[in-house]
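What follows is a short report on a single structure.
Taken together, the values in this text are just the output of simple stated rules run on the coordinates, not laboratory data. Not measured: the values here are computed from a predicted model. Neighbour counts run over all protein chains shown; Cβ positions are idealised from the backbone, glycine included.
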């Protein structure tokens, strides 16, 4: 059974850097084809993809947020970390990590973590 | 403004069928697989369909996916009140080199 869980601060101040950790079990990020994504959702709004890291350490970022994002993995700890710099109130929302299986298309995710709500306010 | 276009809302009566559309372009839906997610109120998204029309284990066959050209659709038959949720389509965009999602469709079962 694959599970993922997000952790990190619930409140950050504008201009600060957000660091979120996704701790997973049931799969290895060393397995060829596997990837982990970060996806966020502002309150009452749609899903927005942020970043993707592959088993071979290849990385992809949202073009709109690329300059502010860094995604890394620690295979020994079964964790993926996302950092987002220069946080703004518009970044308030629920942040999810999700597993991308090794088979099938490039962009499908199953399962997702429960999400963590991050508020940006002074 | 989302790269993929979905209707903001759809509605139908219990027991009926509904179709949710997802429109894109040749850089995304036209040349990549589409996935669909169900998000019940207050919960994380759940995969319903991957690779255009495949259902993960545990997803009932009331849910189906299809794709034609640069558009995709999610069909739900035998509607139940428990199907009331937001539904999202997603795919890869070759031009953006990015995952893209639709704006979401709110399903109301009247």
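Taken over the stretch B:93-108, residues that are in contact (Cβ under 8 Å) with a residue 12 or more places away in the chain, over 16 Å from the mean Cα position of the chain (by Cα) and in a strand (DSSP E or B) amount to 1.
Can you name every residue in the stretch B:67-87 that is part of a strand (DSSP E or B) and closer than 30 Å to residue A:63 by Cα?
If the condition is that a residue be part of a strand (DSSP E or B) and closer than 30 Å to residue A:63 by Cα, then B:67, B:68, B:71, B:72, B:73, B:74, B:85, B:86, B:87 are the ones that fit.
Do you know which residues across the stretch A:83-110 are in a loop (DSSP other than H, G, I, E, B), within 11 Å of chain B (Cβ to nearest Cβ) and in contact with a strand residue (DSSP E or B) (Cβ under 6 Å, 6 or more places away or on another chain)?
Within the stretch A:83-110, A:104, A:106, A:107, A:108, A:109, A:110 meet the criteria.
Of all the listed residues (B:58, B:90), the sole one being within 11 Å of chain A (Cβ to nearest Cβ), surrounded by fewer than 16 Cβ atoms within 10 Å (Cβ to Cβ) and either without any contact (Cβ under 8 Å) to a residue 12 or more places away in the chain or assigned to a strand (DSSP E or B) (or both) is B:58. Set side by side, the residues B:49, B:20 differ, and just one is away from chain A (no Cβ under 13 Å), under 11 Å from the mean Cα position of the chain (by Cα) and either under 30 Å from residue A:117 (Cα atoms) or touching a residue at least 60 places away in the same chain (Cβ under 8 Å) (or both), which is B:20.
The residue that is farthest from the other protein chains (Cβ to nearest Cβ), counting only those in the stretch A:34-66 that are free of Cβ contacts under 8 Å to residues at least 12 places away in the same chain and in a strand (DSSP E or B), is A:61.
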